[in-house]
Amino acid sequence: MAAIFFYLFAGLTLGSAALVVANRNTVNGALCLLLSLVGLAGLFVLLDAYLLAFVLLLVYAGAVVALFLFIIMLLDTQPAARKPFKPLTLAAAGLGGALLVMGVLSFLTRARLALAGPAETAVPSLKAYAERLFTTYLLPVQVVGFLLLGAMLGVVVLSKKLDSAEKAR
Amino acid sequence: MVEFWTSLPLFVQMLIKGLAVIGVIFPIAGASSMAERKVAAWIQNRPGPNRAIPFWFRWVPVIGPFLQRLGIFHLMSDGLKMLFKEDPLPGHVNKVYFILAPIVAVTLAFTTVAVVPFGAYLNRGGQVVPLMLANVDVGILAVFAVASLGVYALILAGWSANSKYPFLGSIRASAQLISYELSLTISVLPVFLWINIPGGDGTLSLARVVEFQSRAGFWGGLWFVFLMPVSALVFLVALFAETNRLPFDMAEGEPDLVGGFHTEYGAFKWALFFVAEYSHMLVGSAVFTLLFLGGWNPLPWISLAQFAGWLGLEGSPILVGTISIVIFLGKVLGVIFLFMWVRWTVPRFRYDQIMKLGWSGLLPLVIGNLIVYALAIALIQK
């Protein structure tokens, strides 16, 4: 039963992720991203990680993709009107892809994974997550928080027309 | 009976539970639309729907005229009309998404019901055991997560209709839902800070919130609506916005947007949007009741266990369960009545007023409220 669901959700996640890239229509792309996230949440549920599954749905599926769609609809982009890539972009994309493939390959061939059975790994409680976030992983959480704050301030500055620019007009 | 139930395969059990949800929610949603018309009539001092009746039903004494004046047959004929009239599919729409949108709306609305506890019974040891369909320990988070996906139904409906009024409606809906989701989520945090006492294992379960409102003593039996009035108020206001009810129904806005996101819809697809809206209302009211109105406890300071003790019913879990469901549903219907009452009391906001209220009214208020309660709870539970 669990195996069937695993293949179902894995197929959904990967298939719709591929469609996100392949789709010409941006709205279709965003909705495929949503499907992919739902599949991922399903995989988390199969691992008994309910908290991760629902946080993923709440934050990414519920808010981030909704904002994507909002922006896409406001911009009203037409499909198929796409410029050819610059050589530099192509080179950067190739390099990035090669790095990713190398990373995954080295992880597969060189890493020693502790394959624990389901009996050995306890389901982490809410409290365990919270404790880790506030002790072991406090620094990454704070750094990400500052990054987001910086991005938010940047958006405020960029979207707000400054007084001097208004007067110059 | 319990043995028979557990002997069924898991798949059949799930199927029966799912069908039970649909069988309960659909009639309640329909009855809410009826109640909406009756309450509207009552507030505007007119009789409301009171004419339709099948001719043979008129011969039934007392009950016949009573049901006629209640407008039950208007509800039935409305439902049948929605089911049997032609289902239009305009030529200019994006067909896949146009059909998908109402399905998404109803599916998500019904999914949230599964994680909301709706009653409780006493087991042999005298402990209160909550009744719910899917007992996930993330409780409120699951409700918020699935409910937050509901915005896609409106976005898809508006976008796929491929004309400007539905599109404007869905743009408004998505901006409004995202704005009020913040206040909604932050407003329940004091409740969960309070129930997660130091030393206990962390929980987000809604049943635990009710458990904390049914303890002994003055503070233990106090409902959270008295303990945290600001949270309750902000939660209620945000709930109005999240369920697209007046005075927040900018997504529909008949005077300026024809019908908003559902302009191009008709017949059963249109009805499905309203079943979804009413079941969102139902789930929202249920969560409000669990969080702030003591869940299935009959009165403040009187818990279900005490109440069952006075009636001498500790030994019969089915009776206690039924009583708790009746109490709980009564409170939920009370909150739904409040929804309708507000609809005919407060006029619809302008769009900029909604944004201003959400971002510069509720959000600072609820963050300040959280800080005050966090400090107070830290001092009390030290």
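Bear in mind that the values in this text are calculations on the coordinates, not laboratory data. Values in this document were obtained by computation on a predicted structure and should not be read as measured data. Note that each Cβ is placed from the backbone with ideal geometry, even for glycine, and that neighbours are counted across all protein chains shown.
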Dividing the alpha-carbon radius of gyration of the stretch B:260-334 by 2.2 N^0.38 Å, where N counts its residues, gives 1.56
Mean Kyte hydropathy of 1.6 or more with a Cα span along the axis of at least 20 Å, helices from DSSP in chain B: B:95-113, B:317-343, B:363-380
As a quick test, which of the pairs B:Lys17/B:Lys95; B:Lys38/B:Lys331; B:Lys38/B:Lys81 have an alpha carbon distance above 25 angstrom in this structure? B:Lys17/B:Lys95
Taking neighbour counts of Cβ atoms within 10 Å as a proxy for exposure, in what order, fewest first, do B:Thr289, A:Thr26, B:Thr6 appear? B:Thr6, A:Thr26, B:Thr289
Charged-residue dipole, Cβ positions (Lys, Arg, Asp, Glu), the protein assembly as shown about Cα centre, Debye nearest 20: 860
Spatial separation of Cα centroids for the stretch A:140-155 and the stretch B:230-272, in angstrom: 34
For chain B, what class follows from the C-alpha gyration tensor (a ≥ b ≥ c being the square roots of its eigenvalues): rounded when a/c is under 1.5, otherwise prolate if a/b is larger than b/c, else oblate? oblate
Expected 222 nm ellipticity per residue - DSSP helices of 4 or more, -39500 (n - 2.57), all of the protein assembly as shown, to 500: -21500 deg cm²/dmol
One would report the Cα pair-distance distribution of the protein assembly as shown, bin width 20 Å, in %, as 17, 51, 28, 4, 0
Extension length gain for B:Ile99 and B:Val24 (0.36 nm per residue less Cα distance), in nm, is 24.6 nm
Cα gyration tensor category, rounded, prolate or oblate, for the stretch A:1-80 with a/c compared to 1.5: oblate
Rounded, prolate or oblate (a/c below 1.5 giving rounded, otherwise prolate when a/b exceeds b/c) for the stretch B:239-373 by Cα gyration tensor: oblate
Whole-Hz Karplus ³J(HN,Hα) for the stretch A:87-101, in order, using 6.51 cos²θ - 1.76 cosθ + 1.60 and θ = phi - 60°, x for Gly and Pro? x, 4, 4, 4, 4, 5, 5, x, 4, x, x, 4, 4, 5, 4
